[in-house]
Every structure is written in C-alpha cells, then in structure tokens.
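Worksheet for the structure shown next.
Please treat every number below as a calculation from the coordinates, not as lab data. Worth saying up front: this structure is predicted, and the values here are computed from it rather than measured. Positions of Cβ are generated from backbone atoms using ideal geometry, with glycine treated the same way; all protein chains shown enter the neighbour counts.
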C-alpha cells in the first residue's frame, strides 16, 4: 500500500465540473505514475483543458478529490501549483517577449535565484540540462517557437517540477524540433519527472507515451498502456465509433492546366514557377518558415511581390489584392483560423456571408432572408453543428468554425481553393469531414492547393506534391509512388 | 420565464435605458418643472452639436478606430464656415464648411492608410496629432480672434434656423439629428457597405482576405466622422453666433463618452447609432441632474469619468 502510494504522483478521483449548460467533466478519475509519460487524447470539447485548468488552479472543481504528491489539494492557484511542483506548458506560451530568457525563467524570483547574475547562471545550467544552447540574455521576442518551448521547459524544471503538463506541445514544431522534444521528454522521464502529454497527434502519443487516457464528452473512456492499443482502436474510443479510414480514397480528377504561376519572387521567395491542373489537389510540403504560406499569400495578392506572372485558364491576370484574387476565382482558407479567418464576435451566418455580400442584395439593401437561407444551406450541406445560424461563431468547436470558413468560400464557387493548414487543431472526426469536403470540391471542378504540416495528410490527399525549402521549390513528387522519407529529405533542403 | 427574471433580462440588456429612466425620475422628483413641455424642448436642444460629433465617432469606433481629430475639425470648420458667409453667402458657406469636414476626414484616412497604421492604437496617435494640426490651423486662420456671425452684413437666417429654429416645441437641430441617425442606422445595418464597415472594424485581416476593400471602408469612416463633426460645428456656432478657434476643445472625450456609454464596443465591429443617441441622452440628463443637485463643475467631471469607466468595464464583461 505504502509503496503503491509513492508510485503515484497525481491521483484524480471522481472529479466533476459543470459550466452553465455543459457538464465539462463528469466523474473523471485517473492516476499518473512517477516517471511516466502519460498521454491524454480526446476530441475538442472532451474535457482535456478543463481538467488541466482544475489541476493548475485556474478553475475550481465542483466535486471529487485531487491528490498530488501525497497531499490532498482543495483550492489552489497557478503559483501555488508551481511551487508544489506541478507545471503547465500551455499551447500559447506564457512568456514575456520583451524580457530576456533568464528573466523569464526566474520571473518574480530574482532574489531567490541570487540576483541578475545568479538568474542567468542558473538559467544557463537549466537550459544546458535539456541540451539547449539558447543565450540567456536574448530577448524572448527573438526566439523561434521551439526555442520558446525550451525556455518554458527550463522554467518548469527550475521549480523542481515533479509533474509537467504539456498542452499540444508539438502544434507548431517542425519534424526536426519534434525529435529534439522527444529526446527531452525521455530525458526528463529518466530523471523521475512525470509528464502529462496532451495531443491531437496520435503518432506522438504512440512514440512518447507509456500510458494513455482517452476522454470523450467529459468522461474518461479508458486508461491503457500504449503498447496494448492500436491506432484504430484509439481513434474509435475517441470519437465513440470506429473510423474505418482516416482519409477518404484519393480523388483523381486532374485535367488540363488551370493556373500557371511563373517567376514569383518576393523578399523571401526565389523565382517560384509551377502549374496547377484542373480538379487536382496539389500539396505543398516544407518546414515551417520554408515559404509555403508566403507562396499562396503572394498568389492571392495578400503580400507584396517583386515579380509575379499568373495565368488562369490561359489568360494573364493581375492580382494586386485579395479582392482581385477573389475576382479571379481564388478562395483562401488562411492558416490562423481565429486571427485571419473568423470574425469571432459575429454570428455564424454573417461569417458565412462575408465573402458573398453581393449575393444578398435586394435592390439597395442586404436581405436578411437571403442571408439566413445561404447560411442554412451551408449548415446542412457541410454538416455544421450550431444551435442556430444566428449563434455567435466563437462558441462553435474548431472543426465547425473551419467548416464555416470553407462554406463561405464554397459559396463563391471558386476555381482554385487554397487551404493553409485546414485541419490544424481539429479533432479526428471533423478532419475526415473536411477531407470529404475537399474531395467534393474537386469533384465539382475546383482545384485545391493544400498546405499542411502533417505529412500524412498531404501525402494521402494530394495528387501531386511540391517540396519547398528556403523559398524555393526543390522537387515534385507523385505521393503514390514515393516514400514519405524521400519527400521529407527533399523538403529539408 | 417569470416576471422577475424577465425584468432582470430587460435591465441587463437595456442598462442605459433603465439608467436614463431612473435619472429622469429622480430629476422630476427634485425639480417638478422637469416634465414641462418647455423643459423637454430644452433637453432636446441640448442634444445639439455633441450628438452629431458622437454619431461620427460611433462610425469610427465601429470601423475599428478612435477619431481624436474631431476636436480640431470642429474648431477649424467652425471658424472657416463663419468666415465664408460673407464670401459665399449662407448656402455656399454651409457647403464649404461641410466640404472642409470631408477634406479633413480624407486627410486623416490618407495618413492612416498610407502609414499602414491600421490598428486602433496606431491610428489613435495619428488622429491626435492631426487634431493639434487642425486646432493650430484654426488659430492661424483667425489670428486667435473669435469670429462673430451677428456682426456680418449677410443674411444668416439659414444658420439661425439650423441653430435655434423650432418646429412646434421640437428644435430643428434635434429633428436633423433624428433624420441623420435613422439614415445612418439603415446604412450600417442594411447595406453592403455598412456591413463591410462592421466586418472591417471587428477583424480587418479576415475582412481583407474575404475581398472586402478595407482601405476604402476606413477612408469612408473617417470622411463621415469628419463631415458629421463639421456639421456639429455649424450647429454650435449658429446657436451662439460666434466661433472661437478653440471651440472644439474636449469634444472628442465627450463624444467617446457618449458612444461608449451607449454600448458601442471599443473593440470595433459591434454597436449602433441608436445606442449612441441613448448615450448622449444619458450624458445630458446626468449633467442636468447634477446641475439641479447643485454639484460643482469640478465634481461633475469626476462623475463623467466614473460613468465612462463603468461603461468600459461593462463592455469588457460583455466581451467575456
């Protein structure tokens, strides 16, 4: 009994939490062992973040007990949790960008760390411990995403953390940075630190985790050693039904050339030329920062270019602004859904209609009836889950928000649909639906340019793949004939 | 839903209206004359210049900006219009004055757009700077002297009608205000351009990527704010028959106060000119009530500030 207790660092028993209208957590129990990497998976809204916020002290639980390191924890605050040895690394980092790395690690504890000199000295040691050579005097604003993550991890270690919770730690890392993160996780585990690893990406769960807890709709469905599970089983438990395939059958509708891009040059891009065929899904593969997003933004007229020649259906077109791009029949689903895609405080219907306002006109005025009808059509066509077309879009799940953006653009009947990270942060079930929408769009005669950091997604959906590195196109592949390894090699440049 | 919760909802959603009713009731109890026809006409009269500036400010704030230049625009367009009465006649002067408002709005928009200052904070400083420029131009134009309308030889009945004419007990300026407000309300809620202004104000990046001509919409917002401020200036000097080159001082803060108290969100995109009318009404009633209570002007400023802070706090809570 005694021994068993000391083997468990965190024990959550029968915890419940309700918000007005939703039971976010319902009788949730799980135990995290010492020195174990424990994964939590579940679709959006499964209760992962609520649980995490209860552990850190942002929310107070309604019922149940939490025992951390032998101590029962009733009410706590984020700072208290840290001091007890429980750190959380959020998806959006909580670093102060105008301060240095060292200052961030020992924020509010300079005196304990022994003044500025001690701060930088100790920060350096912590960073070295995880094999990072970031200079402790650099400002956080100058760091890459992966470096910021290193700083967060060092900060967690500085509290002598016994448990580190990582929320979607890989969401914006490149493959290379991911390997490094894996090394650090293994190293921390062998140092006796437990890790609660929350992720959408099942590959990582299989690679890093010893045990996994699957959550759905506020319940724990099961906790199992990872090696006892296969992918299909795990996905099935997450969505509550078995999904036969993660991807639909690859569409084959590619026809004659539709758009020719030549000599596209910007500050970052070097003489990009390629052709997009009608009915084709063209995938762009490259590391974050290689220039994938820059290419599509430049084509669409969202960024300044030095040179670009574009032909659509054999005719030269001038695209100087997104407005021109839209007129040429291009649709643009941006990579950052919340910042660039949605108007969060507005209704579902006005988010759908915002690229189609002309269609709503009745004489001089906008017709609310036409707007409602347009939204209702898209809601049933794309299976968007929303209480009503008039509901504020911020309350929808990520997948449904993304479907609204896609619906907005399908309504324009685009020739070319540009999709930049269309499934980022979206759960498995909704992903599949988005793939089906892509398939439907090419069936209807549109062409798609697909950018994604998830290699399997690009490889399974595209008819052709272009690899991009350092602002150049470095190769063209048929994903059905070439291995992922080969493509990745070319994308690294 | 029982009666109690229904009242609760009504109070929550119409806080401004409820406050206005309470203030009116309190004032009526203290001062029985408050409810006479003459006093109601008086109250409507007080809507005057500020209400027009506040309408323009509403558009600017819904479009995602705060136009601090309105103080300068009021000063410069007032002294400019009054000096043009002798040169162009009253009709010509009126048009020239409004054109000056349009021109200053265009200049605001041109500088904001060409500097790429497309965030509220950046544009705030540009319009603040331009306000100083317009105020200084008004001082230079007049050599610092107050301009008088009554001393001029020309006919001024048009301006008199705008400033202090009445239809029955309703002041002409109030009628004009109601008409312009109704037009703007329809414009914002029912036209494509109006919707595009709201979308631009709420998320300029998303609006741009959807093909909405955001720069043109921003320009329109500043032009409307400029021309409405110029109109407010005309109403103001017509009523007092003089225009000092410092006439517009503090108009920007009072206009922002009215807009935000009315419930238009400083975050952009959401709001309405009708709410602004309620905001203006609240500001007027508040000072009326404080005057009747014999509160000193210094303390009245404190009250205004407190009301603004409460309004912003309520707005933040609504966002969450």
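For peptide B:260-271, the mean count of partner chain Cβ atoms within 10 Å of a residue's Cβ comes to 1.
Counting, for every residue in A:338-346, the Cβ atoms of other protein chains within 10 Å of its Cβ and taking the mean gives 6.
Which of rounded, prolate or oblate describes the stretch B:3-136 when judged by the alpha-carbon gyration tensor and an a/c cut-off of 1.5? The shape class here is oblate. Helical content alone sets the calculated 222 nm signal of chain B at -26500 deg cm²/dmol, taking -39,500 (n - 2.57) per DSSP H segment of four or more residues and averaging over every residue. Could you work out how far helix A:175-190 tilts from the main Cα principal axis of chain A, as a 0 to 90 degree angle to the nearest 10? Between the helix axis and the principal axis of chain A, the angle is about 10 degrees. Per residue of peptide A:354-360, the mean number of Cβ atoms on other chains within 10 Å of the residue Cβ is 5.
Here the stretch B:63-128 and the stretch B:282-304 have alpha carbon centers that stand 30 Å from each other. A straight line joining the Cα centroids of the stretch A:151-196 and the stretch A:230-300 runs 30 Å.
Principal-axis analysis of the Cα atoms of chain A puts helix A:428-443 at an angle of about 10° to the longest axis. Relative protection proxy for B:259-269, A:67-77, A:336-346, from highest mean packing down: B:259-269, A:336-346, A:67-77 (other beta-carbon atoms within 10 angstrom). Put the Cα centre of the stretch B:1-24 next to the Cα centre of the stretch A:314-381 and the gap is 37 Å. Computed on the stretch B:227-320, with alpha-carbon pairs under 8 angstrom and 6+ residues apart, the relative contact order is 25 percent. Dividing the mean sequence gap of close Cα pairs (under 8 Å, 6+ apart) by how many residues the stretch A:288-445 holds gives a relative contact order of 26 percent. Under 1.5 on a/c is rounded, so check that first for chain B, then, if it is not, pick prolate when a/b is larger than b/c and oblate when it is not; a ≥ b ≥ c are the square roots of the alpha carbon gyration tensor eigenvalues. Note, shape of chain B comes out oblate.
Could you identify which residue out of B:98, B:228, B:29 has the top mean-square fluctuation in a GNM of chain B using Cα springs shorter than 10 Å? Fluctuation is largest for B:29. Give the shape of the stretch A:94-147 as rounded, prolate or oblate, defined through the alpha-carbon gyration tensor: a ≥ b ≥ c are the square roots of its eigenvalues, a/c under 1.5 means rounded, and otherwise the shape is prolate if a/b is larger than b/c and oblate if not. Since a/c reaches 1.5 but b/c is at least a/b, the shape of the stretch A:94-147 is classed as oblate.
Under 10 Å, Cα contacts only: if you run a Gaussian network model on chain B, which one of B:106, B:308, B:15 comes out with the highest mean-square fluctuation? Judging by the Gaussian network model, the answer is B:15. Remark: relative contact order (chain B) = 33 percent; criterion is Cα-Cα distance under 8 angstrom and separation of 6 or more residues. Take each peptide in A:386-392, B:91-97, count the other Cβ atoms within 10 Å of every residue, and average; sorted highest first, the result is B:91-97, A:386-392. Each peptide among A:347-358, A:24-35 gets the average number of other Cβ atoms lying within 10 Å of its residues, and from highest to lowest they stand as A:347-358, A:24-35.
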